[in-house]
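Where a number appears in this text, it was derived from the coordinates with a stated rule and is not lab data. Predicted model, so just to flag it, every value in this text is computed and none were measured. In this analysis, Cβ positions are derived from the backbone assuming ideal geometry, glycine residues included, and neighbour counts consider all displayed protein chains.
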There are 2 protein chains.
Amino acid sequence: MTRIAIVGSGLIGSAWAVSFARGGCEVSMFDTSRAVAAAALSHVARMADQMAGADLLFGESADTVCSRINVAATLDEALSGADHVQENVPEDLEIKQAVWGELDRLAPATAVLASSTSALLPSKFTEALSGRHRCVVAHPINPPSLIPAVEVVPAPWTDPQVVERTALLMERIGQTPIRMEREIDGFLMNRLQGALLQEAFRLVDQGIVGPEAVDIGIRDGLAPRWAVSGPFETIDFNAPGGVREYVNRYQGMFMTMAQHQKDPVDWSGPVLNRIEQQRRATVPLAELPRAQARRDSRLTALMQFLRGNRA
Amino acid sequence: MTRIAIVGSGLIGSAWAVSFARGGCEVSMFDTSRAVAAAALSHVARMADQMAGADLLFGESADTVCSRINVAATLDEALSGADHVQENVPEDLEIKQAVWGELDRLAPATAVLASSTSALLPSKFTEALSGRHRCVVAHPINPPSLIPAVEVVPAPWTDPQVVERTALLMERIGQTPIRMEREIDGFLMNRLQGALLQEAFRLVDQGIVGPEAVDIGIRDGLAPRWAVSGPFETIDFNAPGGVREYVNRYQGMFMTMAQHQKDPVDWSGPVLNRIEQQRRATVPLAELPRAQARRDSRLTALMQFLRGNRA
């Protein structure tokens, strides 16, 4: 039985707990905030129920999954016997460094230490640790219980076997690991998202399209195709000779565009007023949580569909 | 009853025919190739059956939809009484210019002339036409019968009412129009795809990830979320204060990345060998059509799901 310690049991930590427990692991959660720790189990139960309703617990019942999750009174207790530690504390370098010092000191010598950070490179908070070879980033798209992709990112001193062991654990619990060769700002997914957003802000800034057009073009255009075949798979399908023929045919068009996609736009300039105006006209700020909940429930249904229709 | 002329009845033209007919229009198809014209109706029938099976004919039967589609013997006959002409001839400027000269001469003065081109700006083949004010691009993601998004792109001399009339027609037949203020290389969707691909090629070229990681990061990570909420909607949901707070929090991270995303990579360099190798190891070239057919049938099922789960 694989034992998991979840350190930081807010929204991300709780979702990780469900994901690991669904995969058959024994999970112990810890949070320095008593209020967050107290809320964690009921949040876990709510998520597990929702996932069960969408048939996303891989045939297990919500009760069975929840029975594998407990809340520890101390960090020491949570880490006791852990094979894998998943850290989800705030994205603040000083906090991370302090917490990681403790994790390395208290966790069993054989445990892998993984961070859910999206914003900090693993080298920034593991360099000084004596166990830095066992430290890695495992960054999910939230919530990991719903979205499979997880970026596994080594620091320069991370043992390659730690990357591999983490990737295999992710596969075992139903996530899809993205193996990165080395750390880089934004990892993979935020770099791809950033490149796309950069062009989206530019097109609105230049008055070529309104903000809604961008959402339509992705939501009702590119994303459905990408949800069944990734970007390289997609262009590989788009020419009879595969990706090589696609590149031969279309590289010229994309290189012409690239000449005008070099300089970043100031996202917080006038373009932000235009985007915010369109968003608030569509969803007033007070309605945002409700609209987000509707989006999340559609996303849950979509993931149920996609899980049931794997290639 | 709106009358549509489809000029060029290959794969794209046939898919357009199903889309317009499903929306209640009377469709007349024409192709200069007798072989293509002869194959068009059976291709239309096959598509209509597949769409009916996935409940994508908006409650109409395949027979009813097909009964609204005929093949004309001459261009003149196809254009007779047309309200909207949808052109799908090869992406060759000389061919386009020749065909558009004919369309402008032969189509009723009140007809809108729309091109499915993805690669040519509308100004390139409409400038010399006396009816150039009624010319526009209506570029679908293939096949339009399945994917809703359609880019509506004016030339500098296109009458804004022609853009609006085309967008409304698209809405009426169940497409989602993207209204562009002016023409630009790659329009909206290929510009967004290009920006994302550029970064994908760069990350593989630099040895940060393998090609498969890119496909996982989009297919199992970003795309499912984007298929229910577009990129601006998504970041608007990702901070309690909406898009403005998101930009305040994360612009710094994205601007740091942008500094390293300026120079285009040579897609046909060594990086292409690596991508092609991975793709061909996954799907040998001879298997590509079969893999694509599987992808398309999953995409059809996904579109049925998404159409039935609109916000």
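Quick notes
- Prolate/oblate/rounded label for the protein assembly as shown (Cα gyration tensor, a/c 1.5): prolate
- Fewest-first sequence of B:166, B:300 by Cβ atoms within 10 Å of each Cβ: B:300, B:166
- Cα coordinate range in the range A:51-136, projected on the principal axes (Å, largest first): 44, 27, 22
- Peptide A:271-280 is shielded by partner chain Cβ atoms: per residue, an average of 4 of them sit within 10 Å of its Cβ.
- For chain A, the Cα gyration tensor yields ellipsoid semi-axes of 35, 24, 21 Å (square root of five times each eigenvalue, largest first, whole Å).
- Within the range B:190-308, the proportion of C-alpha pairs whose separation exceeds 16 Å stands at 74%.
- Relative contact order, whole percent, for chain A stands at 13, derived from Cα pairs under 8 Å and 6 or more residues apart.
- Seen against the Cα atoms of chain B and their longest principal axis, helix B:270-282 is set at about 70 degrees.
- Other-copy label distances relative to residue B:207, 7 angstrom Cα-Cβ extension, nm: 4.7
- Full extension of the chain between residue A:309 and residue A:127 gives 61.3 nm of extra length, using 0.36 nm per residue less the Cα-Cα distance.
- Remark: the Cα gyration tensor places the range A:251-301 in the oblate category, a/c being 1.5 or greater and a/b not exceeding b/c.
- Selection from B:180, B:269, B:6, by position along the positive dipole direction of chain B (Cβ): B:269
- Exposure proxy ranking, count of Cβ atoms within 10 Å, fewest first, for A:66, A:135: A:66, A:135
- Fewest-first sequence of B:65, B:247, B:36 by Cβ atoms within 10 Å of each Cβ: B:36, B:247, B:65
- Using a Förster distance of 25 Å, the FRET efficiency for residue A:293-residue B:255 (Cβ separation, nearest 0.05): 0.20
- Residue mean of other protein chain beta carbons inside 10 Å, B:117-125: 1
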